[in-house]
Amino acid sequence: MLDIRDATKAVFFLGTPHHGSGLATSGEMMRKMVAFSMFSTNAYILRALHYGSHESKVAHDDFMRQWHQERFLVRTFQESLAFGIFPGITGKV
């Protein structure tokens, strides 16, 4: 069986925030409300999604190191319309 890196021909990022997201704060507020209702939640995952988190920096640095070594194809896509499904969230995602 091939190693994942050897089998990877291209990577597509579809609106993926490489350095975290400002929406993580809203997600953290929702997580707290859900946790208050006695549902199990994982605060660590949401903390990792904040801008400049240690986890996002490590993931970005690791990806860049692998990309510089292997030079596989990378394509990105970014939403160009405002995101207005949820009240209070009106910026681009």
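The values are calculated or read from the model by the stated rules, or taken from the named source; none is laboratory data. In this text the structure is predicted, and so the values were computed from the model without any measurement. FYI the Cβ positions are ideal-geometry reconstructions off the backbone, even for glycines, and counts take in every protein chain you see. With ligands, DNA and RNA removed, areas are computed over all heavy atoms of the protein, side chains included. Shrake-Rupley method; radii C 1.70, N 1.55, O 1.52, S 1.80 Å.
Of the residues in the stretch 22-58, how many are in contact with a His (Cβ under 8 Å, 6 or more places away or on another chain), open to solvent by 60 Å² or more (accessible area, probe 1.4 Å) and assigned to a helix (DSSP H, G or I)?
The qualifying residues number 2.
If I filter the stretch 53-91 down to residues being of a type in the set (Ser, Thr, Tyr) and under 24 Å from Met29 (Cα atoms), which single residue comes out as modelled with the lowest pLDDT?
Here is the first cut: in the stretch 53-91, the residues of a type in the set (Ser, Thr, Tyr) are 53, 56, 76, 80, 90.
Now drop any that are not under 24 Å from Met29 (Cα atoms), which leaves 53, 56, 90.
Details: Ser53: 88, Ser56: 84, Thr90: 59.
It comes out as Thr90.
Here is a list: His19, His50. Which entry is under 25 Å from Arg75 (Cβ atoms) and touching a residue at least 12 places away in the same chain (Cβ under 8 Å)?
Details: His50 fails: under 25 Å from Arg75 (Cβ atoms).
None of the others qualify; the one that does is His19.
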